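Visitor: This structure is in structure tokens; I'll ask about it shortly.
The values are calculated or read from the model by the stated rules, or taken from the named source; none is laboratory data. Just so it is clear, the model here is predicted, and its values are computed rather than measured. So basically every Cβ, Gly included, is an ideal-geometry build from the backbone, and we count neighbours across all protein chains shown.
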Amino acid sequence: MSELTDVISIDISDEELLRRISLHDLPAYELLYDRHAGPVYGLIMRMIKDRHLAEDLLQEIFWQVWQSAHQYQGRGVAAAWLFRIARNRCLDELRRQRARPSSAGPNITDMLEQQNLDAADASTESHPEIMFNRGRIQEALNNIPPDQRVCLEWAYFDGYTQREIAEIINVPVGTVKSRMRIGLEKLERLLRSAGFP
């Protein structure tokens with residue numbers, strides 16, 4: 001991207017980008033992708049837990065945004081509209097997978113690769129106890145219902161506020177608070193039963 005495009009991207013709202021995308025403005029599409037591909041990919045990984053499939057779904061989701069930007073009516077936050085598309089696509093994929101059972105379980109290594117518990121830098125990876133604890137926490141998180149797990153992961157790992165989470169998944173803030181509270185209680189029970197301090 002050019003320096004001029006970088007300056008413009010700061011000033012253009014997501015809503016305006018979607019309006020421009022509906023007119024097939026490729027630079028607007030690229031700006032929206034640059035802003036939101038990372039968080040959308042994080043959502044996909046949390047729901048799907050397969051790196052290769054997540055990459056494919058990310059491309060499908062943004063292709064859908066390109067094709068359906070004209071359907072965004074300006075009601076609500078544009079990012080919430082985008083995340084609803086992503087969430088719905090992931091739910092479709094999960095339903096498809098349930099209809100066709102697979103013998104292969106999720107790969108914990110791939111999940112940890114994407115996890116932002118603490119950035120997995122060389123100093124952290126050199127401590128086996130930290131890596132072991134990460135695995136136990138991730139395993140416990142995987143045993144929490146997805147609606148609770150996503151709220152916890154977005155709040156604690158991605159830094160979203162409860163209000164932002166509520167807008168993205170299109171539920172009241174009270175529902176997000178409830179899911180987080182119940183999810184934390186379940187996580188604590190699971191970790192205690194696994195002997196986690």
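Visitor: In segment 73-96, how many are surrounded by 15 or more Cβ atoms within 10 Å (Cβ to Cβ) and over 17 Å from residue 31 (Cα atoms)?
Guide: Selection size over segment 73-96: 7.
Visitor: Go through segment 170-192 and give me each residue that's over 20 Å from the mean Cα position of the chain (by Cα) and among the basic types (Lys, Arg).
Guide: Those that are over 20 Å from the mean Cα position of the chain (by Cα) and among the basic types (Lys, Arg): 186, 189, 192.
Visitor: So which helices (runs of 4 or more DSSP H) are wholly in segment 122-197 and hold at least 3 residues that are surrounded by fewer than 16 Cβ atoms within 10 Å (Cβ to Cβ) and at pLDDT below 80?
Guide: Filter on segment 122-197 gives 122-125, 128-142.
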